[in-house]
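**Q** Sharing a structure below in structure tokens format, with a few things to ask.
The values are calculated or read from the model by the stated rules, or taken from the named source; none is laboratory data. Small disclaimer: the values here were computed from a predicted structure and weren't measured. Neighbour counts run over all protein chains shown; Cβ positions are idealised from the backbone, glycine included.
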């Protein structure tokens, strides 16, 4: 049970860190005229993925979350110039 509680605390801590990182990314891409919004489920999934990767690969803490978010933002940034105004969802 101790491992389960540790995992949950890691997910929660990463979710809070994710919110800070996401705010930064939204502001950065907003400077290019792109309005970006992440739904709660997406934030939860990014934190879950980062926690799982930390558990199964090398545990690099919150830096793992930054790496997950960085990959997502690379895709969004690359595609943003070609998108029409509206909303895009990946799910």
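**Q** Considering only residues that are surrounded by 13 or more Cβ atoms within 10 Å (Cβ to Cβ) and either over 22 Å from residue 12 (Cβ atoms) or touching a strand residue (DSSP E or B) at 6+ places or on another chain (Cβ under 9 Å) (or both), which ones fall in segment 29-50?
**A** If the condition is that a residue be surrounded by 13 or more Cβ atoms within 10 Å (Cβ to Cβ) and either over 22 Å from residue 12 (Cβ atoms) or touching a strand residue (DSSP E or B) at 6+ places or on another chain (Cβ under 9 Å) (or both), then 29, 34, 36 are the ones that fit.
**Q** Which residue pairs have Cβ atoms under 8 Å apart, sit 6 or more places apart or on different chains, and have a first residue in segment 48-75 that is on the phi > 0 side of the Ramachandran plot and a second that is surrounded by fewer than 14 Cβ atoms within 10 Å (Cβ to Cβ)?
**A** Going by the 8 Å Cβ cut-off, there are no qualifying pairs.
**Q** Related question: Taking interchain pairs and intrachain pairs at least six residues apart, which have beta carbon atoms under 6 angstrom, with the first residue in segment 3-21 and within 12 Å of residue 61 (Cα to Cα) and the second modelled with pLDDT under 75 and assigned to a helix (DSSP H, G or I)?
**A** As it stands, the answer is 17/62, since those pairs meet every condition given.
**Q** Across segment 51-60, what is the total count of residues that are surrounded by 15 or more Cβ atoms within 10 Å (Cβ to Cβ) and modelled with pLDDT of 85 or more?
**A** 2
**Q** Test residue 26 against the stated conditions and say whether it is modelled with pLDDT of 85 or more, surrounded by 14 or more Cβ atoms within 10 Å (Cβ to Cβ), out of contact with any helix residue (DSSP H, G or I) (no Cβ under 6 Å at 6 or more places or on another chain) and not in a loop (DSSP other than H, G, I, E, B).
**A** yes
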